[in-house]
Structure formats: structure tokens, C-alpha cells
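Undergrad: Below: one structure in C-alpha cells.
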Amino acid sequence: MVIELRGISKTFKVARRNPGLKKAVKSLFKRQYSIIHALDDVSFTIEDGEMVGYIGPNGAGKSTTIKIMSGILYPDKGECIINGRVPWKDRINHVREIGVVFGQRSQLWWDVPVADSFELIRDIYNIPENKYRRNVKKLVELLDIGDIIKMPTRQLSLGQRMRCEIAASLLHSPKILFLDEPTIGLDAVSKIAVREFIKDINKENKTTVILTTHDTQDIEALTKRIILIGKGRVLLDGNIDDLKLRFNRIKTITIDYAGDLNQLPEGMAYVEKYEGHAVIHIDTVEISVSSAISYLAEKVDITDFTVDTATMDDIVVRLYKEYRL
Amino acid sequence: MKLYFKYFSIHLRSVMQYKTSFFLTSIGTGLTTFFSFLSMYFLFDRFGSIKGYTFNEVLLCFSTIFMSFAIAECFGRGFDTFSGIISNGEFDRIMVRPRNEILQIVGSRIEFTRIGRLIQAFIVLIYAISSSRVYWSIDKVVTLLLMIVGGICLFFGLFMIYAAICFFTLEGLEFMNIFTDGGRELAQYPLDIYKDWVIKFFTFVVPIAFINYYPFLYIIGKNKGYGLFYMLSPVISMLFLIPSYILWRIGVRHYKSTGS
Amino acid sequence: MKAYISFFRIRFINGLQYRTAAYAGIATQFAWGFMFIMLYQAFYKSNPGIVPMPFDQLSSYIWLQQAFLALYMTWFVNNDIFNLITNGNVSYELCRPLDIYNMWFTKSCAYRLSRAALRCFPILIAAFVLPEPYKLGMPYSWIFAILFIVSMALALIVVVAYCMLVYIFTFYTISPVGARITLVMIADFLSGGLIPLPLLPDWLTKYIDFSPFAAMQNVPFRIYSGNIPADKAALAVLLQVAWAVILVAIGKILMSRALKNVVVQGG
């Protein structure tokens, strides 16, 4: 067992700012607060070498959980044990074994070459010289940053910088890697490179990876397990394949046709309908795909059709809807 | 600490990217000290003396406290600008590194441009020393050094307190300037020219008197007998770091319980 | 015009939001005020000879200075405007259907006024009730009081116009921070921000009185306690008007030239 959370709860008090002149003057004399329940009885366990996607709408409590697991924040209630330690109680030792990538905030020094930032990080973590050289060589190769580490950070594009960020967070061979929106703003090529890389280090070094992201393709490419958090609660903790099965109850048929299509039988519903083109949901519990196709073929002349299974995006959207997030 | 030198060199390399800018900014910061000096000069030019202290004597007060402040700023700039470090999330990054936070904060902001102030203060110090009528025996030199070192500790402690307060609120912080900038401005002059409660305050609450007034009296020979005590009094100011550190730890705990 | 008013309003409200900052500011200003008065009193006692300004007038000067610090301090330069220039986002400002100079001018005025509005009254009131001669005295006469208010308004314009020049200067220079500090410090000293101008040597004030720096806070404060005789006061105010016009004109010309060759940094 690597990461264990039990019953974690956390509440915040936030001061409220009021719009408008009158209210602004009023707030000069009396402060108003709102209470936010960031986390409510959150529990889960993550094993060595797992890759978990931690998803949820904004404000659901994702970054709060990450902060607690990093040891930056301590909860009001509950327990958290990581690698045999309580993160906030044994900060320096705990933090030595984790790596964190905050998507939008850089840890590289702005005006100096990336390689210099790497060396400073080596000194901060006291990484032995041969281990450092090995890691740098491997990371540079896998992330393809060889030509750019001599350049100052400010001259890099976002994609290049992100790859260097990730390298920087792995220099000390952490056992656990927290990734907060690692592919945000990246072009398609960089995204794929980053994903491949994360998969590689997970396989090779058995690094446990926890990924918070809104990018559903990240989730699809990397993780087998997702934890859905909403309004401070864990709503779902399960296998992606299981989810797909569950949501694959609904299949989507897209057809191009000649003729008129109006009423649909039980178990079929329109998603989109134009002249000669329709997207239809089929509830496979009510009616089988072949029956649906037969019905359509009878009614109109099908010129083209595709049957889609639910994409990750669909799944996430439907999950949010289901839990009213 | 070896790590501090690594921080130092990375900041140096960063600054050297913009050589002219560095040069000009240093001159700019040096100007602040220069204008303070000029103000004092003009006031003495018009009034001649203040409560029996001559211009040269007062210059000693002025230069030692400005030197201490300039050096403290060079090292403690991270604490001085801590509100920025918290609000842009840099402190989270610091907490995620396996090193003492204070070391990291000190290493995070090494502003070489402040050297302008340092050089300016140093020039004034040399001028003050050379134009004074003090006979610089060993004990007086030691006192002078203690004054400066004590001052560095004191201002560093004040910066740390400021940073600790940042954990609780990011507003209304400017009142701390009363103690840092205000303390510096006040102590330019020997503290007894003001009302009595000023000396009392700066002896018992924020011990600036111990780095700037009592040792100063010793140097110019106006100490009323308590020679050794006055000479070594800056050591008391160094103890100011203890309550500062305590407040800092309280602040960090608070941060860990409430997040940003 | 309406656009500028709502611009002003937003900035003003924004300034009001920071109530703890206001309390802290008031405390700070008090502390500094007391400190200066104590200091000058010590000087005056040492040499009660010919002084250009009697102590009670000096006290009034100091308190006015502290109460309205937010209005006239030269080293308060809007950081967001500054950053816009240095990181190149000034191009976004250019996309708005308003004249940039007027926009920034209004912004600066609004910001200063809102900060001053919060802080000046407690300080003024408290300073009125202090014992003589440390207190803020009454204005010299009705006429002088009115002239004082006019002069204050003009002083604000001159200060903001000068700050606009500082912003514009950063378009032309590679070292914005260095230039800014230098220009601001010089202005601070020469306008009486470090020592009230009357206390500087006469050979210096002779020249400063004709410069825009005297117009920035020195003139209104001296008018208040009648330190300037009526005829000289009227002239000083006219000089303020002249400088206001000159600085704004220079600012606008330089600004339009600078915008033509905006060098976008960063990115």
C-alpha cells in the first residue's frame, strides 16, 4: 500500500467581496464570510505503481486533496498515510519522495538555461552525482529536450517548457508523481509525447502517478482507474473499462440517408436530426443494435452509417449529469 | 550553507543577462540612500546641530543603520516580499521541496540591485568614520561591527515577522513599514532627540536602541558609565530573532491548516 | 466622457475594497507624522534662530502632507500600468476605443483619490485636536482656504502628469525599473517629500520654486497656513496651471510618438 486516505474532511472560511459602491463602503466596517466544505469524508487507497485519474469539476476539491497528499495542507479530520508517513507531519522526508508538477506554475528559473535550473534542483534534493547524470540522460532522451536545455526558460515555447518541467520534477526519482493539468495548453504533438513519457516511467520505474486533469484524452491514454470527486465527496472510484461497459449500454448510430425518418421505436432517441442526416442513441437494453439497424434500413435508404461507443468525454459528461455536478 | 551559494550563483547569472539594466537600477536604489543623506545634510546646514550632537556624530548613527538595513535587505528580500511569494503559489512549491523553508525563501530572492544602497551606505560610513573626532581603538571598532551585525539581525527579524503576518492576511501589511522603514528613518538620528517614550519603545519593544543608540553613545564617549554594557548591547538585538522565528513557525502552521 | 466616468468609478470602488489596508495606512501615516514633528522640533529647539517657517505652520504642513500622502506621493506608480508596458500587453490597451493617455490619467487620479479619501479624514480630524503647536491649525483665511483647495486639485494634476511622463519614459528605455526609481526619487526629494521645501537651503529653493516639483504639494500646503503672502500665492497657483498644461502636453506628444514604435517584449 502506498497511499491511503481515510475520512479526510476539510472546511475553509472565505471572505466575501461585494460589488457596487454601497456594498463596498459597507464592507469597510463589517466582513462577511462564506464557509466552503472542500472535502467531506474522502477515502481511497492507491497501490504501488498505479496510475489514477482524479477528475471532477472545478472547485470539487481536487487541488485540496493534492495539497493534503503533498503535505502542504492538513485536514480537519481523517487520516492519510503515504509510504508509511503522515505527509504534513514529516514534511521534509515525505516530500523527498514525491514529485509535483503544477500545470500553470513553473519551477524553473526564468532567465537562466534549463540545465542550470536542473543543477540547482539537484543541489536542493542532494541527488548523488552519478544518479543525477543517469536521470538527466534518460529524461533528456525520453522527452527529447536535448537541444533546448541550454536555452533560458523564457525563450521556450509552452510545449518545450512543459516537457522540461516534467523532467525537472523527476530528477530525484520520486516514487509518487502528482500531475496537475500537465498537458494544458500544449499542442497535439507535445501532448502525445508527454503521455507516452508518463506511461514509460510508470512502467519502468513503477512510479505511482496521480493525474488531475480536465483533458479526457489524458485519462483515456494513461489511466485504468478514475476517482471522481464532486462537491468534496468521492462519487466514483472504479475501473475505466467497467465504466465503459456501464455506459456502453447506450450506443450512438450516425446515419446518412435518403427518405423520411420520423418516429422511433422504444429504446431509440434522436440526438441530432437534419435533412438526410441523423444521430441516434440506442439503449441496448431495450433494443439490440441489429434490430435498430434493421428498423432504420426498412424505413429509409441508408447511404452511410457508423456505430460509436461512448467516448471518455461522453462518459464524463454523463457522470457529471448523473451526479448533478 | 552550500545551497545558499548555489542560489546566489543562479541569481547572479540571471542578473548578468541584463547588465545595463542592473547597473541603472543599482544607481536608482543607491539614490534613495543618497537623498536621505542629502536631507540630513541640508537640515544640519540650516540648523547647525541637534540636541548637542554634531553632524559628524549623527552621521555615525545614519551610516550604521543604513548599512545594516541594506545588508539585511540583500539577504532577507525574500521575507520582505513574502506577500508575493504566497500569492503566486511559490510557497507551495517551497513546501514541496525537502529543504528548510527559510533557506529556500532566502535563496529565492537575492536582489543584486540593492547593492546600490549598500555601496552608498558604505561610502557614507567611511566618510563618517574618517571625519569623526573619535579615536578608533579596538573596542570602538568592535562596537561598530556589532552595531552593524546586530542591525542586520534585527531587520531580518522584522522582515520575518512581516512574512509571518502574510500567512494570516495579505492586507494592511504596510503598517509593518512603520517598524522597518520607520525604524530606520527614526534611528538615523540619536534616539534621545525625540520624546522619552520613543527610546523606551525602541528599547523594550523593537530593540533598535541597542544597535544604534547605546553603542553609539559608547563610541562618542557619551555613555554614562555603563561602558561594557553599552558596547555589547547589540547582542540583545540579535536575540530579537527568537520571537521572530517563533512567530514565523506559528504562521507556517496556520498556512498548513488553511491553505492559500 | 461617460466611459471615463465609469472607468473612474471602477477604479475608485476597487480602491475602497481594501479596508484593512486603509486602517494600516492611517496608522502608518500617523506614526510618520509624529516622527517628523518630533524630529523637526528637536532641530528647532537646537537653533531657534531665523527659520523660514514657524513651528506651528510646519506642523500643519506635515499633517497635510501625511493626510494627503496618497494623492501626492511620487513613488506610487500604478504597477499594473507599469507591467503592461514591460510585458507588452500594452497592445491590448491600444484596442480600446479610448485615448490611452486619458485612460491612464483617469486611472491614476481615481486610484490616488480613493486611497486618499479613505485615509485623509481620520488623520485630519485627529490632527485638529492635537495640542498646540503640534496640531493642524486652521487655514490662514477664507480666501486662502479656497485657494488651497484649487491649488490641491492643480497639484494632483501636476503629479499625475509627471507620473505619466515616467510611464512614457519606460517605453524608451531598456531599464524600466532603474529609470522609474531615479525619476521618482528625484521628484520625491524636490517636491518636499523628504524634507518640506522651506527647510531646504534658500539657494536651492530659489530654483525649485519655479520648477514643476514645487507645484506638486509644496504650494498648496504653504498656502494653507499662509506661509506665502497673497500676491505670491496667486502667482504660485498660476505657475501650477502652467506646469499642469505643459506636462500634460509633453506627455501626450511623447505618448503618441512612443506608441508608434511600440516594441513588444516578451512572449
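Undergrad: Only residues that are modelled with pLDDT under 85, crowded, with 18+ Cβ neighbours inside 10 Å and farther than 19 Å from B:Lys222 by Cβ: list them for region B:118-144, please.
TA: Once the filter is applied, which keeps residues that are modelled with pLDDT under 85, crowded, with 18+ Cβ neighbours inside 10 Å and farther than 19 Å from B:Lys222 by Cβ, region B:118-144 yields nothing.
Undergrad: Under the condition of being farther than 18 Å from A:Ser173 by Cβ and more than 14 Å from chain B (Cβ to nearest Cβ), which residue from region A:98-147 is nearest to the chain's Cα centre (by Cα)?
TA: A:Asp144
Undergrad: Still on this model: Within region B:8-20, take every residue that is in contact with a helix residue (DSSP H, G or I) (Cβ under 7 Å, 6 or more places away or on another chain) and facing another protein chain (nearest Cβ under 7 Å) and give me the one that is surrounded by the most Cβ atoms within 10 Å (Cβ to Cβ).
TA: Across region B:8-20, the extreme among qualifying residues is B:Ile10.
Undergrad: While we're here: B:Phe23: within 12 Å of chain C (Cβ to nearest Cβ) and not polar (S, T, N, Q), yes or no?
TA: Taking the combined requirement at face value, the residue satisfies it.
Undergrad: Which of the helices (runs of 4 or more DSSP H) found entirely inside region C:154-249 contain at least 2 residues meeting this: in contact with a helix residue (DSSP H, G or I) (Cβ under 9 Å, 6 or more places away or on another chain), touching a residue at least 24 places away in the same chain (Cβ under 8 Å) and hydrophobic (A, V, I, L, M, F, W, C)?
TA: Because the criterion is at least 2 residues that are in contact with a helix residue (DSSP H, G or I) (Cβ under 9 Å, 6 or more places away or on another chain), touching a residue at least 24 places away in the same chain (Cβ under 8 Å) and hydrophobic (A, V, I, L, M, F, W, C), the helices (runs of 4 or more DSSP H) in region C:154-249 that meet it are C:176-190, C:218-224.
Rundown of residues vs (1) at pLDDT below 85; (2) within 20 Å of C:Leu69 (Cβ to Cβ), yes/no style:
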residue	(1), (2)
C:Leu84	yes, no
C:Cys109	no, yes
C:Ala117	yes, yes
C:Ile149	no, yes
C:Tyr167	yes, no
C:Thr170	yes, no
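Undergrad: Within the bounds of region A:19-41, is there any residue that is more than 14 Å from chain C (Cβ to nearest Cβ), assigned to a loop (DSSP other than H, G, I, E, B) and either more than 14 Å from A:Ile227 (Cβ to Cβ) or modelled with pLDDT of 90 or more (or both)?
TA: Checking region A:19-41: not a single residue is more than 14 Å from chain C (Cβ to nearest Cβ), assigned to a loop (DSSP other than H, G, I, E, B) and either more than 14 Å from A:Ile227 (Cβ to Cβ) or modelled with pLDDT of 90 or more (or both).
Undergrad: Of these, B:Met176, B:Met147, which one is surrounded by fewer than 23 Cβ atoms within 10 Å (Cβ to Cβ) and among the aliphatic types (A, V, I, L, M)?
TA: Going through B:Met176, B:Met147 in turn, the sole match is B:Met176.
Undergrad: I've got another one for you. Can you name every one of the helices (runs of 4 or more DSSP H) wholly within region A:80-145 that holds 3 or more residues which are polar (S, T, N, Q) and over 20 Å from B:Tyr4 (Cβ atoms)?
TA: Passing ranges: none, list empty.
Undergrad: Here's another thing I want to ask about it. Scanning region B:64-90 for residues that are within 11 Å of another protein chain (Cβ to nearest Cβ) and in contact with a Ser or Thr (Cβ under 8 Å, 6 or more places away or on another chain), which turns out surrounded by the fewest Cβ atoms within 10 Å (Cβ to Cβ)?
TA: That would be B:Gly89.
Undergrad: Say we look at region C:124-147 and pick out the residues that are touching a residue at least 24 places away in the same chain (Cβ under 8 Å) and among the aromatic types (Phe, Trp, Tyr); which of these is farthest from C:Ala233 (Cα to Cα)?
TA: C:Tyr134
Undergrad: So which residues in region B:91-105 are more than 7 Å from chain A (Cβ to nearest Cβ), among the β-branched types (Val, Ile, Thr) and either surrounded by 20 or more Cβ atoms within 10 Å (Cβ to Cβ) or assigned to a loop (DSSP other than H, G, I, E, B) (or both)?
TA: If the condition is that a residue be more than 7 Å from chain A (Cβ to nearest Cβ), among the β-branched types (Val, Ile, Thr) and either surrounded by 20 or more Cβ atoms within 10 Å (Cβ to Cβ) or assigned to a loop (DSSP other than H, G, I, E, B) (or both), then B:Ile94, B:Ile105 are the ones that fit.
Undergrad: Can you find, within region B:166-182, the residue that is farthest from B:Asn212 (Cα to Cα) among those that are touching a residue at least 60 places away in the same chain (Cβ under 8 Å) and assigned to a helix (DSSP H, G or I)?
TA: B:Cys166
Undergrad: I would also like to ask the following. Determine if region B:215-237 includes at least one residue that is among the β-branched types (Val, Ile, Thr) and either within 14 Å of chain C (Cβ to nearest Cβ) or under 29 Å from B:Ser83 (Cα atoms) (or both).
TA: Yes, region B:215-237 has at least one match.
Undergrad: From B:Ser257, B:Ser237, grab the single residue that is within 22 Å of B:Ile161 (Cα to Cα), of a type in the set (Ser, Thr, Tyr) and within 16 Å of the chain's Cα centre (by Cα).
TA: B:Ser237
Undergrad: Identify the residue in region A:58-90 that is more than 7 Å from chain B (Cβ to nearest Cβ) and of a type in the set (Lys, Arg) and, among all such residues, is nearest to the chain's Cα centre (by Cα).
TA: Once the filter is applied, the top-ranked residue is A:Lys62.
The values are calculated or read from the model by the stated rules, or taken from the named source; none is laboratory data. Computed from a predicted structure; not experimentally measured. Quick reminder, even Gly has a Cβ in these numbers, built from the backbone with ideal geometry, and neighbours come from all protein chains shown.
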